[in-house]
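See below for the structure under consideration.
The values are calculated or read from the model by the stated rules, or taken from the named source; none is laboratory data. Quick caveat: nothing in here was measured; it's all calculated off a predicted structure. Don't worry about glycine lacking a Cβ; one is built from the backbone with ideal geometry, like all the others, and counts go over all protein chains shown. Protein only, heavy atoms only, side chains kept; ligands, DNA and RNA dropped before computing areas. Shrake-Rupley method; radii C 1.70, N 1.55, O 1.52, S 1.80 Å.
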Amino acid sequence: MTTYGVPLLVLAATGSAAWTGLAFALQWLPRIGAFTVAGTLVDRHGTSRVFRVASLARALLTLSVAAALTLVDVRTTTAAVTVLLLAAIIGVLTEFSYVAAETAGGQASRTARGDAHRVQSALITIDQTATLAGPAVAGLLIEHAGPAAMLSTLAAFSLLAAAFGPRHATAPDETGSPKRGLASGWATLRTLPALAWLVGGLVISNGAVALLQAAVPVIVITELDHSSADAGLIWSAAAVTSLLAVTASRRAIDRFGLWPVGAAAGTAVAGATLAVAQADTYRGYLLLIAVLMAGEGGLTVVLRTVRSHLIPADAFGSTLAVTVLLLLLPYPAAGLLVAALPAAQLGHTVTAAALLQAVGLVVAFARLRRLPLTPA
């Protein structure tokens with residue numbers, strides 16, 4: 001709801017592609033800046049406490065903004081600026097809860113050893129189940145009940161997360177140190193060529209995916225003349241195929257191995273993005289983005305499994321920080337690009353990003369075929 005709902009709120013308030021792209025960027029830029037701080041706090045206080053505090057803070061913030069929006073006209077500059085500030089602060093809070101969840105997932109994967117891909121598949125299924133409902137709910141609420149109702153619902157989910165999250169204090173990893181920073185993680189990543197090539201290919205791929213996430217609300221609403229609910233439905237429908245792909249990837253890895261499954265998922269992603277760039281109907285966007293996100297689900301299983309296999313326990317936090325930081329960088333860049341470009345040019349930009357994505361994934365998996373899944 002946060003990722004897709006806040007840009008839809010800005011679009012509803014302003015009707016502007018530039019403001020919508022700026023909102024998308026403002027959700028991601030603070031996450032990059034907050035990442036190392038979040039990692040240190042998780043190391044110091046444990047995953048459960050950080051997750052619960054971040055969820056509670058997000059609930060209080062969104063309730064405050066929901067109340068404020070009931071007092072002003074949603075189509076005013078004041079409302080738009082308020083939502084933009086909300087996007088920036090929620091971006092930081094979401095990063096804290098994300099780092100806490102990822103750290104817990106890494107601990108579970110290391111415990112599972114050879115079944116790490118099964119653990120990661122289960123975790124991704126949880127994520128994708130939420131993604132299935134979130135965008136559609138956000139779009140429907142904005143369309144039929146208004147922005148304040150959408151924000152109040154988001155606050156309710158955040159309160160539920162804080163209330164039902166694990167109550168035990170998860171201890172920090174004694175093998176790591178909060179003093180380990182990005183330089184240490186970067187040095188570790190350079191000693192793991194398989195992970196480095198995979199992350200490099202996915203950074204390029206994320207550039208195209210991020211551009212689509214930032215541009216699709218503008219294209220669907222302004223170019224295709226559909227509603228906010230229809231824009232949210234695209235990503236909810238895509239989550240269904242992503243869920244199926246995550247389950248299929250787990251079984252396929254058992255049978256065919258990690259790299260063949262990753263190459264197949266990368267092919268689906270690149271092909272779908274190229275096709276989306278040429279789509280000119282709502283149904284075309286709906287179907288092709290579903291295929292795209294199915295491939296993304298497979299690539300996510302591969303990435304998380306490789307991380308759990310290759311990153312040594314004493315450098316896990318710092319190396320995880322570097323890999324996630326690299327993978328997040330395309331998102332604020334995509335939002336700024338959408339803000340700067342005329343809406344009519346978005347299709348050509350997506351085409352260029354799709355071609356670059358295809359080249360990046362082909363080169364990455366061509367190298368990965370010859371690399372063992374063992375630390376250097």
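A compact table of results
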quantity	calculated
Enumeration of residues in segment 48-76 that are without any contact (Cβ under 8 Å) to a residue 40 or more places away in the chain, open to solvent by 50 Å² or more (accessible area, probe 1.4 Å) and touching a helix residue (DSSP H, G or I) at 6+ places or on another chain (Cβ under 8 Å)	72, 73
Selection within segment 77-112 - among the charged types (D, E, K, R) and open to solvent by less than 30 Å² (accessible area, probe 1.4 Å)	95, 102
Among residues of segment 223-251, those that are in contact (Cβ under 8 Å) with a residue 12 or more places away in the chain and more than 18 Å from residue 5 (Cβ to Cβ), counted	13
Members of segment 113-126 that are of a type outside the set (S, T, N, Q) and either buried (at least 22 other Cβ atoms within 10 Å of the Cβ) or in contact (Cβ under 8 Å) with a residue 12 or more places away in the chain (or both)	116, 117, 118, 119, 123, 124
Subset of segment 71-86 [in a loop (DSSP other than H, G, I, E, B) and among the hydrophobic types (A, V, I, L, M, F, W, C)]	71, 72, 74
Subset of segment 11-21 (residues that are under 25 Å from residue 327 (Cα atoms) and surrounded by 23 or more Cβ atoms within 10 Å (Cβ to Cβ))	17, 20, 21
Hits in segment 22-47 - residues which are open to solvent by 10 Å² or more (accessible area, probe 1.4 Å) and over 20 Å from the mean Cα position of the chain (by Cα)	40, 41, 43, 44, 45
Number of positions in segment 1-10 that are open to solvent by less than 30 Å² (accessible area, probe 1.4 Å) and part of a loop (DSSP other than H, G, I, E, B)	0
Count of residues meeting criterion [part of a loop (DSSP other than H, G, I, E, B) and either of a type in the set (Ser, Thr, Tyr) or in contact with a strand residue (DSSP E or B) (Cβ under 8 Å, 6 or more places away or on another chain) (or both)] in segment 178-218	1
Qualifying residue in segment 328-335 (condition: open to solvent by 50 Å² or more (accessible area, probe 1.4 Å), at pLDDT 85 or above and farther than 29 Å from residue 33 by Cα)	no
In segment 51-105, the residues that are at pLDDT below 80 and of a type in the set (Lys, Arg)	75
Subset of segment 191-215 (residues that are within 29 Å of residue 16 (Cβ to Cβ) and either among the polar types (S, T, N, Q) or out of contact with any helix residue (DSSP H, G or I) (no Cβ under 6 Å at 6 or more places or on another chain) (or both))	205, 206, 209, 212, 213
Residue count, segment 260-296 (criterion: under 16 Å from residue 353 (Cα atoms) and over 19 Å from the mean Cα position of the chain (by Cα))	8
Residue under evaluation residue 299, criteria (1) in contact (Cβ under 8 Å) with a residue 12 or more places away in the chain; (2) more than 18 Å from the chain's Cα centre (by Cα), criterion not met	(2)
From the options 103, 40, 131, residue that is within 28 Å of residue 312 (Cβ to Cβ), touching a helix residue (DSSP H, G or I) at 6+ places or on another chain (Cβ under 7 Å) and touching a residue at least 40 places away in the same chain (Cβ under 8 Å)	103
Single unsatisfied condition, residue 245 versus (1) more than 18 Å from residue 269 (Cβ to Cβ); (2) open to solvent by 10 Å² or more (accessible area, probe 1.4 Å)	(1)
